[in-house]
1. Mind sorting 357, 231, 340, 105 by how few other Cβ atoms lie within 10 Å of their own Cβ, fewest first?
2. Using mean Cβ contacts within 10 Å as the protection proxy, how do 126-132, 171-177 order, highest first?
3. Using modelled backbone amide H atoms (1.01 Å from N, in-plane), which distant-in-sequence or interchain residues come within less than 5 Å of residue 325's amide H?
4. Can you find, among 346, 334, 235, the residue farthest towards the positive end of the dipole of segment 213-346? Put +1 on the C-beta of Lys and Arg, -1 on that of Asp and Glu.
5. How high is the relative contact order of segment 213-346, in percent, counting Cα pairs under 8 Å that sit 6 or more residues apart?
6. With N set to the number of residues, divide the alpha-carbon radius of gyration of segment 213-346 by 2.2 N^0.38 Å and report two decimals.
7. Among the listed pairs 180/359; 244/279; 244/324; 244/270, which are separated by more than 20 Å between their Cα atoms?
8. From the phi of every residue in segment 269-275, what ³J(HN,Hα) in whole Hz does the Karplus formula 6.51 cos²θ - 1.76 cosθ + 1.60 yield, where θ is phi - 60° and glycine or proline is x?
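Each value in this text was obtained by applying a stated rule to the coordinates, not by laboratory testing. This one's a predicted model, so the numbers in the text were calculated from it and none came from an experiment. Please note: Cβ atoms are built from the backbone with ideal geometry, for glycine as well, and neighbour counts cover all protein chains shown.
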Amino acid sequence: MEDPEKTALKKIISVLIGLIVSALSLFACLSILFSTQQTLLFNVLCIFYISIIVFLILWNKKKSKAVYYILSIPIICIAVWIAVLEYHDRIQKIPTVSEQTMYLDIYEPFTENNLLATSDEGSRYTITDNVPVLDGATALYPVYASFVQAVYPKGKYDMYKGPVWCSRTYGAYENLLEGKADIIFCAEPSEAQLERFNDSGIQLNFVPIGREAFVFFVNKENPVNGLSIEDIQGIYSGKIRNWKKLNGVLQGIRAFQRPQGSGSQTMLEKIMDGIPIIKARGENVSTGMGDIINRVADYRNFSNAIGYSFLFFSTEMVNSDQIKLLSINGIYPSKETIQDGTYPFSDNFYAIYVDSDDKNENIEPFIAWILSAQGQELVQKTGYIPLHN
């Protein structure tokens, strides 16, 4: 018969080890949600915990309820991990629509087999030196990159190194404000962005060069085919939270947004017309430095999701057959309804530059060419709507 003191000591040690293992399992159960190597971490922890449990069971041949109660915690946590990992894997397989992760390399000027539009004839206008530095929105990069390939001297135009950047809407306005860009291609700025230029005494010139539509989309299986402006305001103010109220199924609405200062979010703010917008959904992502940051979540195509972007991005650049565009006030966003303005959220996009005496001498001739038949041909071939038929 085992010494009672040794039995008691075993029990105390087992309880302490069990508590440590349980604490680690609870910590891992939380941290695993943010791990970039979840499967590997899960396997290592499972082997470790199971080994500890087997050791403690064999060591305590005499039954001790306290030990087994504590050992049940890691077992429960392992079951939770399995459920979390399966859910995570299932979520990752749902298609996304993300302007943040769009690969633009296929639109880089003068690269082999790029997807840029080309004219049926050689350009009647070219720039040989002192090329304007360009920047713009993600969705407009294919069109102004096409302009560059038609007009600029052949060379390397890296979107990350310049002189033809793609810093997205917010970054493009920042570069224009700081004098790093000569022309940017964007939708109209937000009130906050425009105020910064006004405070700096900088006068902007907005030259319409084409038309685009701001569209809302849902999962293709969603029975809802159209919304009114009031419906959209209700969804994004939080007053309408279920598709049943919009003649859909009894299902909560997952309303995705875009980051503050982006062209898409600025458009939503204009549509809301001063009505407060609900807090954007967030997601944790790993940075290149290994840190975890929280950012506005990418649109993920859940059956009850709704998102928005510009027509060209959502149809040409994403080209997803898993989403469908919604009619607004009974008008579907077609090329005809966008050009004639009957679609409620159709608008111009612009070539924007600072009106100053020392501006690049090639800015205005370049924009004049963009407005010519050749420039407008590239707008249309890219997939946007030219200003006129």
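1. Ranking 357, 231, 340, 105 by Cβ neighbours within 10 Å, fewest first, gives 357, 105, 340, 231.
2. Per-residue Cβ counts within 10 Å, averaged per peptide and sorted highest first, yield 171-177, 126-132.
3. Answer set, sorted by chain and number: none.
4. The residue sitting most towards the positive pole is 235.
5. Relative contact order comes out at 39 percent.
6. Taking N as the residue count of segment 213-346, the ratio is 1.06.
7. 244/279; 244/270
8. Whole-Hz 3J(HN,Hα) from phi for segment 269-275: 4, 5, 5, 5, 6, x, 6.
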